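The values are calculated or read from the model by the stated rules, or taken from the named source; none is laboratory data. All values reported here derive from a predicted model rather than from experimental measurement. Backbone-built Cβ (ideal geometry, glycine too); neighbour counts: all protein chains shown.
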Amino acid sequence: MSEPLHIGFELTENEFLRAHRLHLRRSLLTFRNLVALTFALTLGALQVALFGSEQWALRVFALLWLAVLLFAAYAFLLLPLRLYRRDPRHSARQEGVLSDEGIRLRQGTSEVLHEWSGISRTFENAEFFLLVPHGGLPIAVPKRALGSVEVTRFRGFLEADVFVP
């Protein structure tokens with residue numbers, strides 16, 4: 001049984017954007033997803049061309065590809081900004097307690113316990129720890145909110161309780 005680790009921080013808009021864009025790059029906007037989608041659309045376009053090419057069908061596939069690119073750009077550039085500005089709890093002071101059962105996070109007036117079994121992935125870079133709950137927004141914990149000892153303890157909780165790729 002580990003002693004709980006208490007953390008507190010506020011995310012600036014710029015930090016929130018960087019953290020969530022990191023999450024999108026590592027999960028949705030990957031090279032593998034881009035190749036799979038390109039392959040599927042190309043295969044569909046080739047089938048249309050082989051079985052009686054209709055110009056309108058090829059245009060539909062081109063429009064689908066364009067729609068995918070536009071959605072990816074929207075998701076990467078504008079969606080995190082809208083999330084941050086729409087929900088004041090993202091800019092409010094956040095308090096967390098890491099324990100053996102999970103991370104209890106208080107954002108504004110809401111408090112939620114994210115059990116370790118409910119965390120699907122974690123990411124770490126020089127600036128953040130990102131914890132991604134099943135079906136939810138990632139939890140960004142800036143390393144600036146932790147001292148070097150706390151960073152090691154934080155990493156220890158993750159390695160002990162969550163699968164860290």
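Whenever a residue of the range 46-67 is under 19 Å from residue 34 (Cα atoms) and in the same structural domain as residue 34 (by TED's automatic domain parsing), its partners that are part of a helix (DSSP H, G or I) and at pLDDT 80 or above, lying with C-beta atoms within less than 8 angstrom and at least six residues away or across chains, give the pairs 61/41; 61/44; 64/41; 65/38; 65/41. Applying the condition of being touching a residue at least 40 places away in the same chain (Cβ under 8 Å) and surrounded by fewer than 19 Cβ atoms within 10 Å (Cβ to Cβ) to the range 110-121 and asking which residue is nearest to residue 21 (Cα to Cα) yields 121. Considering 62, 19, the condition of being more than 28 Å from residue 116 (Cα to Cα) and hydrophobic (A, V, I, L, M, F, W, C) is satisfied by 62 alone.
Restricted to the range 1-113, the set of helices (runs of 4 or more DSSP H) holding at least 1 residues that are at pLDDT 85 or above and small (Gly, Ala, Ser) comprises 13-27, 31-50, 55-77.
Residue count for the range 3-58 satisfying the condition of being of a type in the set (S, T, N, Q) and either at positive phi or more than 18 Å from the chain's Cα centre (by Cα) (or both): 5.
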